[in-house]
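As structure tokens, the structure follows; a few thoughts come after it.
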Amino acid sequence: MTVRVVTDSTCDLPAELRESAGIVTVPLRLHFQDVVFRDRVDMTDEQFVSRLVDAKAPPSTSQPPPGDFETVYRQLFDEGADEIISVHIAAALSGTVSSATIAAQAVDPQRIHVVDSRTVSLGTGFLVLEAVARAAAGDAAPAIVDRLATMPDRVGIICLLDTLRYLLLGGRIGKVRAMLGTALAIKPLIGLGPDGSVVPLGRVRSRTGGIRRLAELLAEHRPLERCGVIYVGAADDGLRLAEETRRTYPQMEVIAHHASPVLSTHTGPSTLAYCYLEGEG
Amino acid sequence: MAASSAPAALPNAVTGAGLRYGLERALGRLLEQRERINDLNVFPVPDGDTGTNMHLTLEAALAAAAQLPAQTSVAAVAAAAAHGSLMGARGNSGVILSQVLRGVAAGCEQADEMGPEMLARALSEGSKVAYAAVKRPVEGTILTVVREAAEAATRSAADHQPIADVLQAAVAGAWDAVERSREQMEVLRDAGVVDAGGFGLAVILSALSEALGSGDSAWPDAIQVEPGPPLGEPSHGPAGVTAFSAPHAGYGYCTEFSLVGAQMDPLEVRARLGEEAEDDSALVVGDPGLLHVHIHTHEPWEVLTRAAELGRIERLKVEDMTSQHDEARRRHGRGAREARLALGVVVVAPGFGFHQLLLGLGAAAVVEGGQSMNPTTAELLRGIDEAQADEIILLPNNPNLVLGAEQAARVSRREVAVVPTRNLPQGVAALLAFDPDATLAVNRQRMQREMARVHAIEVTSAVKDSKFAGGPIARGDAIALLDGELVAAGRDTPEVVLAALDRLTDAGVEVITLYRGARVQVAEAEKLEQMIRDRFPDWEVERHDGGQDLYPYIISAE
């Protein structure tokens, strides 16, 4: 019984990790005016961020066309897969799940299981890693899918933004509106919900204060099962934060990765974030 | 099936070449209407790219169809278009369009030509496949439009109408559905627009009808999709006032300020700033030295950046109209009782600038008070009552007022906790840490922790001759207290400020906030701000009007 795992380019798992685990990644599309790029194929994260900063109009992202998924699914069956688990960015945030579902219907709805991760970034990545681990342990696809369904409620994302500007541009300001009422320059801390909703978690004046607050917020979610650092642009800060986090949680494998454009567009450059999976019970 | 033997009459079937020609026309029409469709886009997320997405998806469909030989079956063209759009689908609307095309292709499978009944069947199939692709179909969208077009076509075909009429019936059904989408979804009704994706699909059907010879009355110039004047057309108001109005959805930010400068032309300023107000309106009034600007924009920062190039911005007010709208609705809907807070912060502060700043940061009430003008217990109690909250956190912002605040807390009928802030920077830091959704106890702890992390420099003048570790102090000298301790004194206020800041070079400071006192000229404060920037290039420096008396400057460092 071979179960293969497919995900999309928003999962923020490092490429080496995906390759060694045999995970197939389908790229979302990035649109700058009329030019289309495949996420993390035609354009790197760093290129995206520099364009994000320069762009007059905000770039947009969109789901992979169903045809991409059809191609991948057929290829995996040709390679001998018995079942496919396809884990993707929250359906509330992207049409990726619907593209994948359309393709699954066309290829083999019985053997392809499309999973709405109900989260983004490493949150999706954590589900992908779980699927791979379970598949390697010999679990059948339906059991794995049931297992994944229990995870999204334990996932959280907390971000330190450099500015509210990009959140405003994306129209996803929600409850964070209250932070706008001040003349002081403020760095907001926010939580990202699975439906793209944004919850205010705090506001600080300095980046150092913000990083300290991030760590405090993370500690509130102990015990942690998994944790990772994602960053937009500021790789030095991101890697340093990951290093500090490893010291605080020595038993934990702390993934550090650049945020995908889907997240970068909404949070803006210099964002630092924790993505965590709370332990069960 | 086809009436090809009667060249004078319209053919009663669509060939492969005919369909391809129709799709080409549709692509052209979609390009014409693209920006209009983008502007309509408010559902599900107002990202304004529906027109672009549909256009590029159809382009991919046509690119695939164009690979086929000139004489080819309608089934082959439809299948190629479906496959091309599937591979090139962009965005939600593009994916749905690709599913419509997939259904259409299934509906005319293996057919050489498409007659009236087959057209109706193909559209019905397109509708069915599109619905199936969406998890939770929402009416009033492209789905409704394709379904109603299919239904109209089916009725017409059942009446044995020729294909041109069937197509025209589909077009009419589509535009009816588009027009009604305005009423079907709240977001569209609020924005006064019709559904973008539905509009795009109706454009495609109209173009097909037009291309296939029956479209004289199909093209919907008449359909009114937006209220108000054409986009971006300026209208002229009373003398000296130029208004720029454009119809658009969304509320954005109400941005108002005065612009102080020289030889400013209101028309030119409006033109410069109005670019950012493309969605709403811009109002610029006044004389060449002082203009008042009122703009509704989605990008207040852009407006302010441009404005700052034209003059000095004063009396800035930026309000989130969406939140105002929601708030108004909330109050209206649920009554005033709900406006009461569970937990609120009352702050003691001097000066208009500080009051505004603190209220903007979320203080429920501000009590006037500062050095040598401490509020009485009664005044504190009045502030506590004004706050309209069940539980109160009180920030005294002065070491001499901590006891008085605790006294007021005991006397008050409410639950009042004092977070003993000793100066305004501490008060601002504490207020920043406030979370209205957390408990009083959690907030108290968090605010105490955060207030301890900020350094405060208070600059005032000596009331008598004295001395300190740094030497003698003459009456009237500027003196600076760092976290309550006298660290610098001298004749020259800026020098005293810089000397006090020198003490913080190893304190891990990132942001300096300079609050200007009521008696300091703006130009002086600007000069000091520049001196701080020059001396400490790594620090971010912000300057605000505190409006406090007696203290020329209050400075926070964090």
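Descriptive notes on the structure:
- Within the range B:535-547, residues that are on the phi < 0 side of the Ramachandran plot and surrounded by fewer than 17 Cβ atoms within 10 Å (Cβ to Cβ) sit with their Cβ atoms under 6 Å from residues that are among the aliphatic types (A, V, I, L, M) and modelled with pLDDT under 90, at 6+ positions apart or across chains, in these pairs: B:Glu542/A:Ala185.
- Members of the range A:1-16 found to be over 15 Å from the mean Cα position of the chain (by Cα) and touching a residue at least 24 places away in the same chain (Cβ under 8 Å), listed by number: A:Met1, A:Thr2, A:Val3, A:Arg4, A:Val5
- Residue pairs meeting the criteria (Cβ under 7 Å; at least 6 apart or on separate chains; first over 12 Å from B:Gln71 (Cα atoms) and without any contact (Cβ under 8 Å) to a residue 60 or more places away in the chain, in the range B:14-37; second surrounded by 20 or more Cβ atoms within 10 Å (Cβ to Cβ) and among the hydroxyl-bearing types (Ser, Thr, Tyr)): B:Arg34/B:Thr52
- Qualifying residue in the range B:485-498 (condition: out of contact with any Asp or Glu (no Cβ under 7 Å at 6 or more places or on another chain) and touching a residue at least 40 places away in the same chain (Cβ under 8 Å)): yes
- Residue in the range B:79-90 that is closer than 18 Å to B:Glu24 by Cα, in contact with a Leu (Cβ under 7 Å, 6 or more places away or on another chain), away from every other protein chain (no Cβ under 11 Å) and assigned to a helix (DSSP H, G or I) present: yes
Here is a yes/no grid of residues against (1) exposed (fewer than 14 other Cβ atoms within 10 Å of the Cβ); (2) within 14 Å of chain A (Cβ to nearest Cβ); (3) farther than 16 Å from B:Leu482 by Cβ:
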site	(1), (2), (3)
B:Ile392	no, no, yes
B:Arg414	no, no, yes
B:Gln426	no, yes, no
B:Thr460	no, no, no
B:Ser466	no, no, yes
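- Extreme residue, nearest to the other protein chains (Cβ to nearest Cβ), among residues of the range B:344-355 that are buried (at least 22 other Cβ atoms within 10 Å of the Cβ) and out of contact with any Pro (no Cβ under 6 Å at 6 or more places or on another chain): B:Phe354
- Leading residue by the ranking (farthest from the chain's Cα centre (by Cα)) among those in the range A:94-104 that are surrounded by fewer than 24 Cβ atoms within 10 Å (Cβ to Cβ) and more than 8 Å from every other protein chain (Cβ to nearest Cβ): A:Ala104
- Positions within the range A:145-168 being in a helix (DSSP H, G or I) and either without any contact (Cβ under 8 Å) to a residue 12 or more places away in the chain or of a type outside the set (Phe, Trp, Tyr) (or both), in sequence order: A:Val145, A:Asp146, A:Arg147, A:Leu148, A:Ala149, A:Pro152, A:Asp153, A:Arg154, A:Arg165, A:Leu167, A:Leu168
- Extreme residue, nearest to B:Pro494 (Cα to Cα), among residues of the range B:450-481 that are touching a residue at least 24 places away in the same chain (Cβ under 8 Å) and of a type in the set (Val, Ile, Thr): B:Val459
- Enumeration of residues in the range B:514-534 that are among the hydrophobic types (A, V, I, L, M, F, W, C) and touching a residue at least 40 places away in the same chain (Cβ under 8 Å): B:Leu514, B:Ala518
- Applying the set (1) within 12 Å of another protein chain (Cβ to nearest Cβ); (2) surrounded by fewer than 20 Cβ atoms within 10 Å (Cβ to Cβ); (3) touching a strand residue (DSSP E or B) at 6+ places or on another chain (Cβ under 9 Å) to A:Arg51 leaves exactly one unmet item: (1).
- Exactly one residue out of B:Ala557, B:Ala525, B:Ala507 is among the hydrophobic types (A, V, I, L, M, F, W, C) and in contact with a helix residue (DSSP H, G or I) (Cβ under 9 Å, 6 or more places away or on another chain), and it is B:Ala557.
- Only one of the listed residues (B:Val347, B:Val284) is at pLDDT 80 or above, out of contact with any Asp or Glu (no Cβ under 6 Å at 6 or more places or on another chain) and part of a strand (DSSP E or B). That residue is B:Val347.
- Single residue of the range A:54-78 satisfying the filter (in contact with a strand residue (DSSP E or B) (Cβ under 7 Å, 6 or more places away or on another chain) and of a type in the set (A, V, I, L, M, F, W, C)) that is nearest to the other protein chains (Cβ to nearest Cβ): A:Phe69
- Any hit, the range B:442-450, residues being more than 19 Å from B:Val402 (Cβ to Cβ) and more than 10 Å from chain A (Cβ to nearest Cβ): yes
- Hits in the range A:32-84 - residues which are at pLDDT 95 or above and outside any helix (DSSP H, G or I): A:Pro64, A:Pro65, A:Glu79, A:Gly80, A:Ala81, A:Asp82, A:Glu83, A:Ile84
- Among the candidates A:Ala215, A:Ala219, A:Ala234, the residue that is at negative phi, crowded, with 16+ Cβ neighbours inside 10 Å and either modelled with pLDDT under 95 or not hydroxyl-bearing (Ser, Thr, Tyr) (or both) is uniquely A:Ala234.
- Against the test of being within 14 Å of another protein chain (Cβ to nearest Cβ) and modelled with pLDDT of 90 or more, the options A:Leu164, A:Leu160 yield a single qualifying residue, A:Leu160.
- Matching residues in the range B:501-513 - criterion: being free of Cβ contacts under 8 Å to residues at least 60 places away in the same chain, under 19 Å from B:Ile479 (Cα atoms) and within 12 Å of chain A (Cβ to nearest Cβ): B:Ile512
- Scanning the range B:356-390 for residues that are within 14 Å of another protein chain (Cβ to nearest Cβ) and in contact (Cβ under 8 Å) with a residue 40 or more places away in the chain yields B:Leu357, B:Leu358, B:Leu361, B:Gly362, B:Ala363.
- Selected residue [farther than 18 Å from A:Leu224 by Cβ, buried (at least 18 other Cβ atoms within 10 Å of the Cβ), more than 17 Å from the chain's Cα centre (by Cα) and of a type in the set (D, E, K, R)] from A:Arg134, A:Arg111: A:Arg134
- The range A:21-31: number of residues that are of a type outside the set (Lys, Arg) and part of a strand (DSSP E or B): 5
- Qualifying residue in the range B:121-138 (condition: within 20 Å of B:Asp49 (Cα to Cα), touching a residue at least 40 places away in the same chain (Cβ under 8 Å) and under 39 Å from the mean Cα position of the chain (by Cα)): yes
The values are calculated or read from the model by the stated rules, or taken from the named source; none is laboratory data. Fair warning: this is a prediction, and the values are worked out from it, not measured in the lab. Don't worry about glycine lacking a Cβ; one is built from the backbone with ideal geometry, like all the others, and counts go over all protein chains shown.
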